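The values are calculated or read from the model by the stated rules, or taken from the named source; none is laboratory data. Only a predicted model underlies this, so the values are computations on that prediction, with no experimental measurement involved. Here the Cβ is made from the backbone with ideal geometry for all residues, glycine too, and neighbour counts use every protein chain on show.
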Amino acid sequence: MNPLKETAAASSPGCGPRDRSLALGSTHPMTIASGQNEEPMSEEEFASLMAKTTLNPCVDVCVSGQFDTREDADKLGKTVVLFLQMLGVYLQLDCLEALTVTDDYENALLKIERGFSTNKALAPTRDEFGTGYAMSIPVIRNGALKTHIVIHSGLIKPLVDPNHEKYSFAVHTLAHELGHAHDHSVTGRTLPNLVGTQLPDFRQGTLFNLAHGCWCEYIASRLSATWGTENYCAEFEPTLCDMLSTAMDRGTACIFCHRMHGNIADTEAEMKNIYGGLLTRLSYLVGHLHGIEASIKEKTPKLHTLIQDSKWFIPIFERYESNLKELKETHENWTGIEVFNPLMDTCESMLNAGGMRYLMLPTGNYFVELKYPNN
């Protein structure tokens with residue numbers, strides 16, 4: 001049968017399924033969230049649970065792409081809506097504006113109306129971990145912070161089949177993106193002008209972007225940890241070990257190359273990618289571990305040993321982990337952007353350890369100083 005192109009599916013939770021067999025199974029997130037209790041829920045228990053959802057009743061869920069039949073597309077759309085309703089019992093999803101499932105992920109990102117001025121176009125994340133195909137985008141609507149999630153259809157299609165080998169990964173992917181939506185909901189109340197506002201100070205703006213990136217992935221990973229896949233930590237460990245063990249060598253090579261080409265903008269961007277990128281990627285693991293109340297030593301022993309052997313990194317990591325915990329503890333009571341100052345200082349220490357410093361000139365502009373690290 002020829003696949004259907006651009007097949008529309010569910011558009012609101014009100015159209016969602018009442019048949020739990022679409023998604024509920026022994027590995028369903030609701031059983032995980034209730035402590036692996038696989039006792040089937042009664043209809044009354046299920047209705048009572050669903051009544052607690054925080055999901056925005058006007059959320060727009062759009063599924064498009066190649067499906068064998070229209071029924072397959074509709075089933076996926078209804079299943080996604082059901083999951084949104086259920087995960088909304090545990091996450092704050094009142095500000096989720098829309099969720100787009102599509103084969104054309106990259107172009108879908110470009111079509112999002114963000115509601116504020118920015119010179120940075122949305123694009124898939126690409127780094128040592130590969131290319132990302134799911135993103136929660138903060139958008140401004142009538143002065144309020146909302147969330148529009150875009151997910152590649154290939155990641156989410158297994159959601160309709162609890163026996164699919166990628167089912168747990170699909171659940172975790174969706175939960176992680178909804179963790180971002182939860183963060184946007186809380187931040188929209190505590191720091192309503194955060195998104196879309198640019199800091200005039202170059203150094204502060206740079207460090208805030210690094211710190212905020214760490215926080216965003218930390219909180220989404222911590223909130224979604226309940227639905228994490230069994231091998232999540234083990235899968236992260238090798239790449240994180242490689243990023244940490246080679247960071248100093250890559251940073252030193254970057255500074256050496258700068259002596260040749262002299263392009264400070266490119267060098268600064270690469271140094272931020274090396275050292276800031278390591279902290280950002282670590283935040284996925286650290287958030288997940290905090291969410292399941294486990295330690296790096298327990299779940300990623302090789303990484304733990306490497307951190308202990310990296311004397312330059314130990315104090316930075318300890319501060320970094322403490323900073324993130326404190327942000328989580330105070331999340332509901334943030335009163336200003338200064339809550340990020342400790343984490344911003346830690347990010348600056350990370351860059352300094354690699355040999356890069358921001359020095360203010362008498363004119364108020366900044367000079368990016370590069371020195372070979374001592375480690």
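Under the condition of being in contact with a helix residue (DSSP H, G or I) (Cβ under 7 Å, 6 or more places away or on another chain) and in a helix (DSSP H, G or I), which residue from the stretch 309-321 is surrounded by the most Cβ atoms within 10 Å (Cβ to Cβ)? Among those residues, the one meeting the criterion is TYR320. Considered as a group, the residues in the stretch 349-362 that are under 17 Å from THR267 (Cβ atoms) and either touching a strand residue (DSSP E or B) at 6+ places or on another chain (Cβ under 9 Å) or not assigned by TED's automatic domain parsing to the domain that holds LYS325 (or both) include one that is surrounded by the fewest Cβ atoms within 10 Å (Cβ to Cβ), and that residue is LEU359. Scanning the stretch 346-366 for residues that are outside any strand (DSSP E or B) and without any contact (Cβ under 8 Å) to a residue 40 or more places away in the chain yields SER349, ASN352, LEU361, PRO362, THR363, GLY364. Say we look at the stretch 151-172 and pick out the residues that are over 17 Å from SER224 (Cα atoms) and touching a residue at least 12 places away in the same chain (Cβ under 8 Å); which of these is surrounded by the fewest Cβ atoms within 10 Å (Cβ to Cβ)? Residue satisfying both the conditions and the ranking: ASN163. Of all the criteria given as (1) charged (D, E, K, R); (2) over 23 Å from HIS212 (Cα atoms); (3) surrounded by 12 or more Cβ atoms within 10 Å (Cβ to Cβ); (4) touching a residue at least 12 places away in the same chain (Cβ under 8 Å), the one not satisfied by LYS297 is (4). Looking at (1) among the small types (Gly, Ala, Ser); (2) closer than 22 Å to ASN323 by Cα; (3) out of contact with any Asp or Glu (no Cβ under 9 Å at 6 or more places or on another chain), which is the only condition GLY262 fails? So GLY262 meets the others, but not (2).
Looking at THR246, THR252, just one residue is touching a Phe, Trp or Tyr at 6+ places or on another chain (Cβ under 8 Å), at pLDDT 95 or above and either assigned to a helix (DSSP H, G or I) or loosely packed, with under 14 Cβ neighbours inside 10 Å (or both), and that residue is THR252.
Table: residues versus (1) free of Cβ contacts under 8 Å to residues at least 12 places away in the same chain; (2) in a helix (DSSP H, G or I); (3) buried (at least 23 other Cβ atoms within 10 Å of the Cβ).
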site	(1), (2), (3)
LEU174	no, yes, yes
GLN198	yes, no, no
ALA234	no, yes, no
CYS241	no, yes, no
THR267	no, yes, no
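The criterion of being closer than 18 Å to PRO57 by Cα, over 19 Å from the mean Cα position of the chain (by Cα) and either in the same structural domain as ALA51 (by TED's automatic domain parsing) or among the polar types (S, T, N, Q) (or both) does not hold for ALA181.
Among helices (runs of 4 or more DSSP H) entirely within the stretch 24-95, having at least 3 residues that are at pLDDT 95 or above singles out 70-87.
Only residues that are in a helix (DSSP H, G or I) and either more than 21 Å from SER322 (Cα to Cα) or in contact with an Asp or Glu (Cβ under 7 Å, 6 or more places away or on another chain) (or both) were counted across the stretch 215-232, and they come to 6. Would you check if there is a residue in the stretch 80-102 being in contact (Cβ under 8 Å) with a residue 24 or more places away in the chain and under 26 Å from MET243 (Cβ atoms)? Checking the stretch 80-102: not a single residue is in contact (Cβ under 8 Å) with a residue 24 or more places away in the chain and under 26 Å from MET243 (Cβ atoms).
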